[in-house]
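Inspection log for the structure reproduced underneath, given as structure tokens.
Only the coordinates and a few stated rules stand behind these numbers; no lab work does. Note that the coordinates shown come from a computational prediction; the quantities given were computed from them, not determined experimentally. Positions of Cβ are backbone-derived with ideal geometry, glycine not excepted, and every protein chain shown enters the neighbour counts.
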Amino acid sequence: LTKISGKKKNAWWYDPTNGQLDYIGEFDSKVTPFQYDGGHGAGNDRVLIAVDADKDYIGKEWKSLPTQY
């Protein structure tokens, strides 16, 4: 998280199979290990999205990413 601007970061797990976002919290700007707790196996891949907490790129309450801008 040290490579992303800002003192705090917001993070989500993104499920590429259904487009669902799960907000996982606010984190300090430091090396932080992340591991998805959904188990191992086909269909359980997730993408970690982390952004500067001062930016409004993604809302904490969002359950999916918009399809259009």
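For the stretch 16-32, in order, what is each residue's ³J(HN,Hα) by Karplus, 6.51 cos²θ - 1.76 cosθ + 1.60 with θ = phi - 60°, in whole Hz (x at glycine and Pro)?
These are the phi-based 3J(HN,Hα) values: x, 7, 10, x, 7, 9, 10, 5, 10, x, 10, 10, 6, 7, 7, 5, 9 Hz.
In whole Hz and in residue order, list the ³J(HN,Hα) couplings for the stretch 59-67 that follow from phi through the Karplus curve 6.51 cos²θ - 1.76 cosθ + 1.60, θ = phi - 60°; x for Gly and Pro.
Values per residue, Gly and Pro as x: x, 4, 7, 5, 9, 7, 7, x, 8 Hz.
Can you pull the Rg over Rh of the chain, Cα-only, Kirkwood?
0.98
Starting from the amide H of Ile58, placed 1.01 Å from N in the peptide plane, find each other amide H under 5 Å away whose residue is 5 or more places distant or on another chain.
Long-range HN contacts for Ile58: none found.
FRET efficiency for Lys63 and Glu26, Cβ-Cβ distance as r, R0 = 22 Å, nearest 0.05? Let's see the in-between values first.
Values: r = 18 Å, r/R0 = 0.82.
Result of the calculation: an efficiency of 0.75.
So how far apart, in nm, are the two label points at Asp37 and Leu1 if each is 7 Å from Cα heading toward Cβ?
Reported label-point gap for Asp37 and Leu1 is 1.7 nm.
What distance in nm lies between label points placed 7 Å from Cα along the C-beta direction at Lys8 and Asn44?
Roughly 3.2 nm, to one decimal.
What distance in nm separates the two pseudo spin-label positions at Asp54 and Thr17, each 7 Å out from Cα along the beta-carbon direction?
Modelled inter-label distance: 3.9 nm.
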